[in-house]
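Trainee: After the structure tokens below, expect a handful of questions from me.
Read-outs throughout are calculated quantities, based only on the coordinates presented, and are distinct from any laboratory measurement. As the structure is a computational prediction, the values presented were derived from the model and not from experiment. As a convention, Cβ positions derive from the backbone with ideal geometry for all residues, glycine included, and neighbour counts pool all protein chains shown.
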């Protein structure tokens, strides 16, 4: 059986079918809504579901996946093809938790300063599939899981919330995440009741490291953010633009990343050195306003005033999935003239930041980066170009 879920599920499924063309296969494909989707024959059931907020179609897909897993035989092989977005696309709420309640707590977490690790700690303890529960209910002789990592550091447990990975976290950890970010009181009642029951040992926790069921599981990462950073560097090299990859493991708030890009540009100016720096990773944003945008556009907007009037300086950020937050853009680009151009339009970057309205800021300047969905996701890319004044 083939199970493909996530933003790259369709191309991963197609590749798997091409490789296994001489073998009898069947499977389930769970892909995000929007964009074109290649046609698959009757062997593959196709579901289009919501992301990043779970929806009813995702619930239906989860139920079908569980049903198919339960019918597998002990002499079968399960091949999982997992990519970014799988967490939201297979919600499978536990116990008496409704989809609406799980959707609400997911929205609360996404809008907070919670990291992807913290968000997924909660998700795993509200799911019948995540945190290795998929393995618990699957009687297959072996499970082979190919993963495209959208998580800095390639932490297996956070790729799709660890569908095929043991979970060292607990119900207590999930509760602590909600309390730490001030979300426990406002969390849906059934969510709190389920986590509290888990804390008391009244419902089983996710399978822990050392669980014998995972001896049949093999998890393999086939692409990650480093892959994208290296591809960017190679593309620049082919255009005779030297670059350096600073890191592919960045995790910080968007405003901090903006300051890092700006400070790197300023230092390059101080030492009179031309440099193109590539960083990869993922930032967070605490959403307080009602604007349009995402973490990548907010990163660049945070740098606009700091690089003002720096000649030969350009900063850019984009999501490798082609999507940034609730906007149609993948990211944005700015240079030393952006602040002055915005001022002529009576646009104050700080006001747009306060409203989390980075998309409208860059759209009015025609500086949004719009790529459309890419069909994959390996987190985000950040670029800083600084040229010597005489270049």
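Trainee: Can you give the calculated 222 nm mean residue ellipticity of the chain, where each DSSP H run of n ≥ 4 adds -39,500 (n - 2.57) and the sum is split over every residue, rounded to the nearest 500 deg cm²/dmol?
Mentor: -10000 deg cm²/dmol
Trainee: Quick one: Cα convex hull volume of region 69-126, Å³ per residue?
Mentor: 110 Å³
Trainee: If packing is taken as the mean number of other Cβ atoms within 10 Å per residue, what is the order of 180-192, 89-101, highest first? Display every interim value, and only then the final one.
Mentor: Details: 180-192: 15.7, 89-101: 20.2.
Ranking, from highest mean packing down: 89-101, 180-192.
Trainee: Still on this structure: With springs only between Cα atoms under 10 Å apart, run a GNM on the chain and tell me which of 39, 254, 316 wobbles the most.
Mentor: Residue with maximal mean-square fluctuation among 39, 254, 316: 39.
Trainee: Based only on Cα atoms, what Rg/Rh ratio does region 278-337 have, Rh being taken as Kirkwood's radius?
Mentor: 0.98
Trainee: If you take the square roots of the eigenvalues of the alpha-carbon gyration tensor of region 225-386 and sort them as a ≥ b ≥ c, do you get rounded (a/c under 1.5), prolate (a/b over b/c) or oblate?
Mentor: oblate
Trainee: How far is it, in nm, from the label point at residue 271 to the one at residue 189 when both lie 7 Å from their Cα along the line to the Cβ?
Mentor: Using points 7 Å along Cα→Cβ, the separation is 6.1 nm.
Trainee: May I pose another question? Rounded to the nearest 10 degrees, what's the angle between the helix 56-70 long axis and the longest principal axis of the chain, both from Cα atoms, 0 to 90?
Mentor: 40 degrees
Trainee: How are the Cα pair distances of region 97-143 distributed, in percent, across 10 Å bins from 0?
Mentor: 25, 43, 23, 9, 0
Trainee: Going by how many other Cβ atoms sit within 10 Å of their own, how do 26, 382 line up, fewest first?
Mentor: Ordered by Cβ neighbours within 10 Å, fewest first: 26, 382.
Trainee: Could you check the simple spin-label distance between residue 42 and residue 222, using points 7 Å along Cα→Cβ, in nm with one decimal?
Mentor: Between residue 42 and residue 222, the simple spin-label model gives 2.7 nm.
Trainee: In nm, to one decimal, how far is the residue 337 label point from the residue 245 one, both placed 7 Å along Cα→Cβ?
Mentor: 3.3 nm
Trainee: If you don't mind, another one. Once the Cα atoms of region 2-223 are picked out, what are the Rg and Dmax in Å?
Mentor: 16.6, 55
Trainee: Let me ask something else about it. For region 146-233, what's the radius of gyration and Dmax over Cα atoms, in angstrom?
Mentor: 16.6, 52
Trainee: Mind telling me which of 109, 246, 69 comes out most flexible in a GNM of the chain, alpha-carbon contacts under 10 Å?
Mentor: It is 246.
Trainee: Give me the percent of Cα-Cα pairs in the chain that sit more than 30 Å apart, rounded to a whole number. Before the final figure, lay out each step's value.
Mentor: Details: 32368 of 76245 pairs.
For the chain, the fraction of Cα-Cα distances above 30 Å is 42 percent.
Trainee: In addition: Remind me, relative contact order of the chain in percent, using alpha carbon pairs under 8 angstrom and six or more residues apart?
Mentor: Reported relative contact order: 15 percent.
Trainee: Right, another one. What does the extension gain come out to for residue 238 and residue 346, with contour length at 0.36 nm per residue minus their alpha carbon separation?
Mentor: 34.9 nm
Trainee: Using the alpha-carbon atoms, what tilt in degrees (0 to 90, nearest 10) does helix 254-270 show relative to the longest principal axis of the chain?
Mentor: Between the helix axis and the principal axis of the chain, the angle is about 40 degrees.
Trainee: Could I ask something else about it? Helix 9-19: angle to the longest alpha-carbon principal axis of the chain, degrees 0 to 90, nearest 10?
Mentor: Approximately 60 degrees, to the nearest ten.
Trainee: If you don't mind, another one. Consider all pairwise Cα distances in region 160-286 and report the whole-number % of them above 17 Å.
Mentor: 74 percent
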